[in-house]
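One structure, as structure tokens, below. Some questions next.
The values are calculated or read from the model by the stated rules, or taken from the named source; none is laboratory data. Because the structure is a prediction, the values reported are computed rather than measured. Note: ideal-geometry Cβ built from the backbone for every residue, glycine included; neighbour counts use all protein chains shown. Areas reflect the complete protein model, heavy atoms only, side chains present, ligands, DNA and RNA absent. Shrake-Rupley method; radii C 1.70, N 1.55, O 1.52, S 1.80 Å.
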Amino acid sequence: MPADTRDARVPVDRGWAWMVLIGSLLVSTITVGTEKSYGIFFIEFLRTFKGTVFMTVMINTIMTTVYCFTAASLLLIGFKRLSVRASVFLGITLGAIGYGISSFATGLEYLIASQSILIGLGHALHNPPIFMLLGEYFDKKKGLANAVYISGNSLGGIIMPPLYRYIFDQYGLHGGLILTAGITLNSLVGAAFLRPTKFYTKYGQKKTCGNGVAEKENPINQDNSQEKDSNDCFEGTGDSNTLYPLISTQRGKQHVCKRG
């Protein structure tokens with residue numbers, strides 16, 4: 001989105017945008033790092049349940065399939081009703097529940113339901129929304145922000161596998177899966193930083209009059225609202241983008257006018 005069409009109230013490339021990036025990095029490091037540790041889980045599943053390699057591989061295959069279909073559906077429909085932060089919170093929680101329930105597994109078929117479906121849904125709910133939010137908070141530094149966020153995948157791939165190897169050696173598969181659920185919940189700290197951009201635009205939004213002039217709404221000083229509404233106005237460019245809080249008309253074309 002061009003810089004002159006962004007809402008000036010959103011801290012683009014500055015301020016809280018960097019806190020959003022830090023939170024995204026933490027979420028990526030923990031959740032994707034856990035996913036990259038699946039080789040360790042794979043060995044423990046084979047050792048504990050004495051199943052076939054084919055059935056064990058199907059756990060990750062079905063998880064990836066669920067992720068792809070769910071992510072596509074959410075990008076088209078789901079995010080019209082669900083905020084980014086709420087989606088990430090829900091996704092992390094589902095993933096933690098999936099690992100926790102898996103600790104009670106008695107066979108590989110059980111893991112297909114607990115891990116493949118729940119964790120697949122969880123990844124679909126928290127991974128794509130973060131890319132969307134970074135695109136709203138960053139413009140000129142969007143490439144840097146995406147690079148930092150994706151670098152969390154590699155960082156997690158370095159840190160998390162040795163950690164899970166130690167956990168499974170010490171506590172076994174069932175105890176290790178419970179601890180994995182707890183580790184996954186730690187990424188909720190990073191998700192708390194993912195403040196939606198509507199936080200900055202929900203107050204003082206513009207509403208369009210019948211004559212095409214966008215009136216200024218001041219919810220804080222409601223006592224003087226009638227007087228200001230009758231005298232002050234903001235003239236827009238007539239573009240339909242003035243109806244949306246995240247997209248404003250070019251600031252250079254707006255000026256304050258007085259009704260005669």
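For the stretch 14-58, name all the residues that are over 15 Å from MET160 (Cα atoms), among the hydroxyl-bearing types (Ser, Thr, Tyr) and within 27 Å of the chain's Cα centre (by Cα).
Within the stretch 14-58, just SER24 meets the criteria.
Hey, could you check the stretch 129-141 for residues that are under 13 Å from the mean Cα position of the chain (by Cα) and surrounded by fewer than 22 Cβ atoms within 10 Å (Cβ to Cβ) and say which is nearest to ILE178 (Cα to Cα)? Spell out the reasoning first.
If we filter the stretch 129-141 for residues that are under 13 Å from the mean Cα position of the chain (by Cα), which is where we start, we get 129-137.
Cutting the leftovers down to surrounded by fewer than 22 Cβ atoms within 10 Å (Cβ to Cβ) gives us 131-132, 134-136.
Values: PHE131: 29, MET132: 31, LEU134: 32, GLY135: 35, GLU136: 36 Å.
Looking at residues that are under 13 Å from the mean Cα position of the chain (by Cα) and surrounded by fewer than 22 Cβ atoms within 10 Å (Cβ to Cβ), I get PHE131.
Go through GLY51, GLY100, GLY78 for me and flag whichever is open to solvent by less than 50 Å² (accessible area, probe 1.4 Å) and modelled with pLDDT of 90 or more.
Just a single option satisfies the conditions, and that option is GLY100.
Given (1) open to solvent by less than 60 Å² (accessible area, probe 1.4 Å); (2) of a type outside the set (Ser, Thr, Tyr); (3) at pLDDT below 90, where does MET160 come up short, assuming only one miss?
In the conditions (1) open to solvent by less than 60 Å² (accessible area, probe 1.4 Å); (2) of a type outside the set (Ser, Thr, Tyr); (3) at pLDDT below 90, MET160 misses (3) alone.
OK, next. What number of residues within the stretch 103-116 are buried (at least 17 other Cβ atoms within 10 Å of the Cβ) and among the small types (Gly, Ala, Ser)? Talk me through it step by step, then tell me what you get.
The first filter runs over the stretch 103-116 and keeps only residues buried (at least 17 other Cβ atoms within 10 Å of the Cβ), leaving 103, 105, 108, 111-112, 114-116.
Those still in the list that are among the small types (Gly, Ala, Ser) too: 103, 105, 114, 116.
The qualifying residues number 4.
I've got another one for you. Any residue at all in the stretch 173-180 that's part of a helix (DSSP H, G or I), open to solvent by 30 Å² or more (accessible area, probe 1.4 Å), touching a Phe, Trp or Tyr at 6+ places or on another chain (Cβ under 8 Å) and not aliphatic (A, V, I, L, M)?
Let us first name the residues in the stretch 173-180 that are part of a helix (DSSP H, G or I), namely 173-180.
If we keep only those that are open to solvent by 30 Å² or more (accessible area, probe 1.4 Å) as well, we get 174, 178-179.
Now drop any that are not touching a Phe, Trp or Tyr at 6+ places or on another chain (Cβ under 8 Å), which leaves 174, 178-179.
With the extra rule that they be not aliphatic (A, V, I, L, M), the set shrinks to 174.
Looking for residues that are part of a helix (DSSP H, G or I), open to solvent by 30 Å² or more (accessible area, probe 1.4 Å), touching a Phe, Trp or Tyr at 6+ places or on another chain (Cβ under 8 Å) and not aliphatic (A, V, I, L, M), one finds at least one in the stretch 173-180, hence yes.
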